[in-house]
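K.L.:
Following this message is one structure expressed as structure tokens.
The values are calculated or read from the model by the stated rules, or taken from the named source; none is laboratory data. Small disclaimer: the values here were computed from a predicted structure and weren't measured. Note that each Cβ is placed from the backbone with ideal geometry, even for glycine, and that neighbours are counted across all protein chains shown. Calculation scope for accessible area: heavy atoms of the full protein, side chains included, ligands and nucleic acids excluded. Shrake-Rupley method; radii C 1.70, N 1.55, O 1.52, S 1.80 Å.
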Amino acid sequence: IPLFPSKLFKELLIEIQNRNFEALRQDAPEAMLAFPNQPLPYLLGGIAFKEGKDYERASDYLQDGLAFVFNNARLQTEFHLHLAEVFHYLEDHQESDYHFEEVLAVNPSHAGALNNYAYYLSLRKDRLTEALQMSERANQISPNNPVYLDTEAWILYQLGNYREARVKIEKALKFLGAAEVEILEHYGDILLKLEEPALAKAQYEKALEIEERPDLRNKLNQVP
């Protein structure tokens, strides 16, 4: 990503490094006006609005900025990756898949794209065999990554391979620094399928200690 001799651009880079998305949502549009043909403010603005869950505005900025990227595969990949995420949240799965495919066409070993693409397919219960292959590839590239292991476990769960799913998710928990609600919930779901309700209940309870969620509370209450 090129740097520009502009105080405003330097501020944008500091804000993204510090994950100061609120400030970035203010400053990125100003930079777009000052440098309308430079892609960097569009990318950073798109990321900031994505983090703020304003997915419509994020998609507008990212698509506009992508049009200004030439002869820079790395930067194009960044735009496509964030567009894939944004369109997932907008539930435009065709567009999301398209942008993931664009990333993987340039870099077939992009572990983050492989993992997220696979996980989003699993949430839709779509192309699960292909999703599993992508997830396995992500785990080969980045072994012992708990997020990637959780994805593989969840796809195996969707495919009905509960025993192998348990092996993967227990490995994910081993490498997880701090407990995460989603992974604990997945573990509970897998244990229920393996007819271990007491252990499943314990996972749901741990998850609820981190975040109180009505759907998860209902799931816990329904455990026999």
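K.L.:
Which loop-located trypsin sites (Lys or Arg not before Pro) does region 42-112 contain, where loop means any DSSP state but H, G, I, E or B and the Cβ has at most 12 other Cβ atoms within 10 Å?
P.N.:
Working: sites: Lys50, Lys53, Arg57, Arg74; in loops: Lys53.
Within region 42-112, the qualifying trypsin sites (Lys or Arg not before Pro) (loop, at most 12 other Cβ atoms within 10 Å) are Lys53.
K.L.:
Report, in degrees rounded to the nearest 10, the 0 to 90 angle that the Cα long axis of helix 197-210 makes with the longest principal axis of the chain.
P.N.:
30 degrees
K.L.:
Counting heavy atoms of the protein chains only and a 1.4 Å probe, report the per residue accessible area for the chain as a whole number of Å².
P.N.:
On the way: 11670 Å² over 224 residues.
Normalised by residue count, the accessible surface of the chain is 52 Å².
K.L.:
Ok, one more. May I ask for the distance between the Cα centers of region 202-224 and region 116-133, given as a whole number of Å?
P.N.:
Using only Cα atoms, the two centres lie 25 Å from each other.
K.L.:
With a/c under 1.5 counting as rounded, go ahead and sort region 27-71 into rounded, prolate or oblate using the C-alpha gyration tensor (a ≥ b ≥ c being the square roots of the eigenvalues; past the cut-off, prolate if a/b is larger than b/c, else oblate).
P.N.:
Details: a/c = 2.32, a/b = 1.42, b/c = 1.63.
It is oblate, given that a/c is not under 1.5 and a/b is not larger than b/c.
K.L.:
Could you work out how far helix 55-66 tilts from the main Cα principal axis of the chain, as a 0 to 90 degree angle to the nearest 10?
P.N.:
Helix 55-66 sits roughly 50 degrees off the main axis of the chain.
K.L.:
Under the classification rounded if a/c is under 1.5, otherwise prolate if a/b is larger than b/c and oblate if not, where does region 40-111 fall, given a ≥ b ≥ c as square roots of the Cα gyration tensor eigenvalues?
P.N.:
Numbers: a/c = 1.92, a/b = 1.18, b/c = 1.63.
Here region 40-111 falls in the oblate category.
K.L.:
Which chymotrypsin sites (Phe, Trp or Tyr not before Pro) in region 134-219 pass both tests, a DSSP loop state and at most 11 other beta-carbon atoms within 10 Å? List each step's numbers first, then the result.
P.N.:
Values: sites: Tyr148, Trp154, Tyr157, Tyr162, Phe175, Tyr187, Tyr204; in loops: none.
Answer in residue order: no site qualifies.
K.L.:
Between rounded, prolate and oblate, where does region 124-165 land on the alpha carbon gyration tensor, with a ≥ b ≥ c its root eigenvalues, rounded for a/c under 1.5, else prolate if a/b exceeds b/c? Write down the numbers at each step before the final one.
P.N.:
Details: a/c = 2.16, a/b = 1.40, b/c = 1.55.
In terms of gyration-tensor shape, oblate.
K.L.:
Per q in 0.08, 0.11, 0.12 1/Å, what log10 I(q)/I(0) does a Debye calculation on the alpha-carbon atoms of the chain return?
P.N.:
Here log10 of I(q) over I(0) equals -0.36, -0.64, -0.75.
K.L.:
How high is the relative contact order of the chain, given as a whole-number percent (alpha carbon pairs under 8 Å, six or more residues apart)?
P.N.:
9 percent
K.L.:
What's the angle, to the nearest 10 degrees (0 to 90), between helix 146-158's Cα axis and the longest principal axis of the chain?
P.N.:
60 degrees
K.L.:
Are there any GluC sites (Glu not before Pro) in region 43-116 that are in a DSSP loop and have at most 10 other Cβ atoms within 10 Å? List them by number.
P.N.:
Sparse-neighbourhood loop GluC sites (Glu not before Pro): Glu91.
K.L.:
Given the DSSP H assignment, sum -39500 (n - 2.57) over each helix run of at least 4 residues in the chain and divide by its residue total; what's the result at 222 nm in deg cm²/dmol, nearest 500? Working shown, then result.
P.N.:
Values: 13 runs with 171 residues, N = 224.
Taken over the chain, the calculation gives -24500 deg cm²/dmol.
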